[in-house]
């Protein structure tokens, strides 16, 4: 094989099935010689399978035919590893009928270097080719192959897309529909997870480690990492790179990585920032597979040098500016951190961006006895991310709790998809940092102003099933409960106490946390009363009295925990001197009952220091004991919410009917061709776009003079004869603030007066007036979409009208919306109680409301150019919903597939 020319625009890096990094890029004219030599190095048999022929002219003819043009529907991609071409994929559009039309089908061809078969090169190239084809409007790829070429037939079959095959003698004709569906995304997930986990093995299960920059000062970072590696029992060889001495801590020093006696899997870099790019390049040239860069303060050039070296040589990198990483597995015992203590081996996987947060979590998990499986300090996150670690924990066979602290998201939509999947197997917890930001965007529409970064991030966590706590303390409280107890089936909690006052406080805390604290069912109350001493209060809380002995408390808890109407029992105990039982005896009684309990149990011990601890119970179990009832209640609430997420089936985005995607795309393309800078659509264009997606709007007319306005008002007036006039000019968004709305206009004279007022006040700015009937005075809602540049489209819903910004009663979910997202979105705002007719209201058509939100979700996913859409107000009635006012802003943007496999 031969070296390729410098990378053209559009090059990306991605992982093969074995974790190898390759570069995928478009073919350029200078590649003709390179491609010819790729074919020349292929065996005669593989040439025959690829071209149906073999011989000295095949390579030359194929390379000449590949010459990439600029015609729509013709594309070719190369895969490179170490600068060598290892694969090629191309498609050429099929002729159209009539000629000159937009091609919808293309023929695809694939070639992989002999030495790179069975490593996923062809599949990866096809995934990227499919992405290019969809962007070109191609709906189907076709291929012809020899029936004996089972390898390429299997590649097409395993893509995850609908495939049809027709055998014709020695040939097979393959047709691949480019339908973006859940089946294809699931196949992408599986391939991506396999590749990710393979690429992380040298990082998290290295056979050998080199510390580059271990200094002679005992307090230096590199020296601390070297000391931790050796003191905590790393099972493989450790090498030291330091040009300024013969030995360090009994290990020989080597002047450079290139001079090491063996190639380490992992190199930990603790060198000055200016040296990082050169050391990374030295590591890559030596064959190192992974880097952990603890160095901070890299400038832009140094950062670019580090990234380039890692991508060029296929190294995964953690950091820079990180604490390091650890794996407590007994066959690894890796402690490549400068933390003070090696974490207790256990089952929690931990990834943080902040080193300080990481140390706090490691200490807390060790103190609780939960322990850690693997820990990665992500630092500035140039490469390895929380998404990578979730996939590692999903497959490592040791982790049953995932703990994340993420200050930023590189690809939040891919993270959300991975977290949705992982959270169905294990709890995924995070600290929702940054809630105090000013939040409101300096944006024109109500939707964009309400869709704060905090709301967007919380929507991601909610939809993905991530337990987002407010503090590290809350996270550890919740971890203790999830680690030691079964998930609650529901949110029904019974408080049992031997001191009435603290029991009431605990019941209040549970109610405030959103848990259900209901009186006991009569039959259960009678059984509990019989089990407790005279004078016990059998409500909720259950006051067992200060004189309750150990055996009676245990019997009470046994009864409650076994009842079908109880999902959790919270014991609140204080020591007393009124019985033979001591405080410890009562705690023992509760933990013994908890060991047999089929439901979730927890304790509040008001006399204990500390926040939470795990008390051992019989049969190897444990019960979390909290010092404060509020901490226990919040932990129970998080666990109950997570259990609800786990219990309901994974929803899929419904398909709205009667939409015209192609017409909408053509409208958008036409409008942006006239205004390449983007902007707000006029009412006519806006209504047309929404109509293509079946979004109901009130009847209206666009007028440009007084007489036409009067005539339109006569046609549109409702039974009460009233209409509304709305002035418009380019860029106008908040009409009420500008005095550009006139309501309750009845009769010709009032319409004329309102129109003249617009002309007098707005003058040349006025481009036209919208006339529509006066809507009935019913519940006003707001619905909209904003395209977040990082998170993608966000759908917002809540109370609308002039109260939108004042009351801020909104909820939001990331698109595409599933059936469950729709339900959550509608029921989350406080105003949702009014939709069902409660509090004297009139029930609205919830089906029509769901359809409107679903259409908004679909338009945002179909049209990346739609920067924001604001429907306010939307009126909801028993017989349907409709938008009274709508605004849409477009920006020139290209479609981006967040799920396509590529490295950052």
Consider residue 681 carefully, then state whether it is surrounded by fewer than 17 Cβ atoms within 10 Å (Cβ to Cβ) and under 36 Å from the mean Cα position of the chain (by Cα). no
Check region 404-416 and report whether any residue there is in a loop (DSSP other than H, G, I, E, B) and more than 13 Å from the chain's Cα centre (by Cα). yes
Quick count over region 453-478, residues being surrounded by fewer than 21 Cβ atoms within 10 Å (Cβ to Cβ) and more than 17 Å from the chain's Cα centre (by Cα), is 4
Condition met for residue 365 (buried (at least 18 other Cβ atoms within 10 Å of the Cβ) and modelled with pLDDT of 95 or more): yes
Whichever residue in region 152-164 is surrounded by 15 or more Cβ atoms within 10 Å (Cβ to Cβ) and in contact with a strand residue (DSSP E or B) (Cβ under 9 Å, 6 or more places away or on another chain) and, among such residues, is nearest to residue 49 (Cα to Cα): 152
Considering 79, 106, which residue is modelled with pLDDT of 95 or more, in a strand (DSSP E or B) and crowded, with 20+ Cβ neighbours inside 10 Å? 79
Return the residues of region 44-55 that are more than 12 Å from residue 111 (Cα to Cα) and either modelled with pLDDT of 85 or more or outside the structural domain of residue 149 (by TED's automatic domain parsing) (or both); say none if nothing qualifies. 44, 45
Qualifying position, being surrounded by 14 or more Cβ atoms within 10 Å (Cβ to Cβ), modelled with pLDDT of 95 or more and touching a strand residue (DSSP E or B) at 6+ places or on another chain (Cβ under 7 Å), among 282, 265: 265
Kindly provide the set of residues from region 194-219 that are modelled with pLDDT under 95 and under 24 Å from residue 261 (Cβ atoms), ordered by number. 213, 214, 215, 216
Quick one: which strands (runs of 3 or more DSSP E) sit completely within region 799-902 and have at least 1 residues that are surrounded by fewer than 21 Cβ atoms within 10 Å (Cβ to Cβ)? 866-877, 880-883
What number of residues in region 230-259 are touching a helix residue (DSSP H, G or I) at 6+ places or on another chain (Cβ under 7 Å) and buried (at least 22 other Cβ atoms within 10 Å of the Cβ)? 3
Filtered residues of region 295-323 (kept if in contact with a helix residue (DSSP H, G or I) (Cβ under 6 Å, 6 or more places away or on another chain) and within 28 Å of residue 398 (Cβ to Cβ)): 315, 316, 317, 323
What's the number of the only condition in (1) within 24 Å of residue 17 (Cα to Cα); (2) touching a strand residue (DSSP E or B) at 6+ places or on another chain (Cβ under 8 Å) that residue 211 fails to meet? (1)
Quick one: residue 227 ticks every box in (1) surrounded by 16 or more Cβ atoms within 10 Å (Cβ to Cβ); (2) under 30 Å from residue 275 (Cα atoms); (3) in contact (Cβ under 8 Å) with a residue 24 or more places away in the chain except a single one, so which number is it? (3)
Tally, over region 645-658, of residues that are part of a helix (DSSP H, G or I) and within 19 Å of the chain's Cα centre (by Cα): 2
Residue 481 in contact (Cβ under 8 Å) with a residue 40 or more places away in the chain and surrounded by fewer than 24 Cβ atoms within 10 Å (Cβ to Cβ): no
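The values are calculated or read from the model by the stated rules, or taken from the named source; none is laboratory data. Everything numeric in this text was worked out from a predicted model, so none of it was measured. When we count neighbours, we look across all protein chains shown, and the Cβ atoms used for this are built from the backbone with ideal geometry, even at glycine.
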